[in-house]
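Trainee: My questions will all concern the structure given below.
Just so it is clear, none of the values below were taken in a lab; they were calculated from the coordinates. Source: prediction; values computed, not measured. Positions of Cβ are generated from backbone atoms using ideal geometry, with glycine treated the same way; all protein chains shown enter the neighbour counts.
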Amino acid sequence: MSDGSGRFSRWAGGAERGDAARLEAFSDGVLAIAITLLILDVHVEPEHGQSLAAALLASWPQIGAYAASFLQIGIMWANHHTLFRTIARVDQLLLLSNLFLLIFVSFLPLPTRLVAEHHLNDADGRTAMLLYGGTLTACALAFNLIWRHAARRDLLVPGISAAFRRDVGRRYLLGLAVYLVSTLLSQIHPWITLALTAVIAVFFLLGPSPRQAVEIPAD
């Protein structure tokens, strides 16, 4: 039993799977594709005799959903970029945790389209928003897994301060909690879910933490 556990530990946490730069480059590509796919579901097609202004107004649910999800993925990309400036090495579980994030980021265009297509005050709209919020909650969970595994396995660049580690851990945990609560609230009022998910995304606009990551030695 202990031998099997040791083999799993070596496979999961001990084996190097490449540097962080290569993983980040792959992630950038997936995020770029996901954010591009969002616009493909926005259609502005004036009917016969309808003005372009009226057609744009009729398409506001699609445009609004596009803007909300662009904000989410854009800030996730910026946050991911900043986070991986603190990660030096990649092992198997970090690789899988990052793939877990990319699965749900690339899935986000689907619930975005469903939110745009359904009136948020009816049952289908609540279902669409539940899927949308659940997808963002899964992304937040993935960020927590990436950070906590990297910190626990000492995959970070040298000199990361203890204060930065605590700050990132708390902020990611708070983000996960807010995304989860906002998703549950989708069954009461979907607009609350949309508002809360936008607010927590802006909260991470500065990255995983506004604090200096690497301690600067005093002269």
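Trainee: For Ala54, what charge total do you get from the other residues with a beta carbon under 14 Å from its beta carbon, if Lys and Arg give +1 and Asp and Glu give -1?
Mentor: Cβ neighbours under 14 Å give a net charge of -2.
Trainee: If you don't mind, there's one more thing I want to ask. What is the local net charge at Val115, summed over the other residues whose Cβ is closer than 15 Å to its Cβ (Lys, Arg +1; Asp, Glu -1)?
Mentor: -2
Trainee: What is the order of His80, His149, His119, fewest Cβ neighbours within 10 Å to most?
Mentor: Ascending Cβ contact count within 10 Å gives the list His119, His149, His80.
Trainee: Using helices alone, what [θ] at 222 nm do you get for the chain, with -39,500 (n - 2.57) per DSSP H run of 4 or more residues, divided over all residues and rounded to the nearest 500?
Mentor: Dividing the helical sum by the residues of the chain leaves -22500 deg cm²/dmol.
Trainee: Using the Karplus equation 6.51 cos²θ - 1.76 cosθ + 1.60 (θ = phi - 60°), what ³J(HN,Hα) coupling, rounded to whole Hz, does each residue of segment 65-77 give in order, writing x for Gly and Pro?
Mentor: Each residue's phi maps through the Karplus curve to give 5, 4, 4, 5, 6, 4, 4, 4, 5, x, 6, 4, 4 Hz.
Trainee: Could you list Ile103, Ile87, Ile75 in order of exposure, starting from the residue whose Cβ has the fewest other Cβ atoms within 10 Å?
Mentor: Fewest-to-most ranking of Ile103, Ile87, Ile75: Ile103, Ile75, Ile87.
Trainee: Same structure, new question: Give me the orientation-averaged projected area of the Cα convex hull of the chain, in nm², one decimal.
Mentor: Dividing the Cα hull surface by four gives the mean projection, 15.8 nm².
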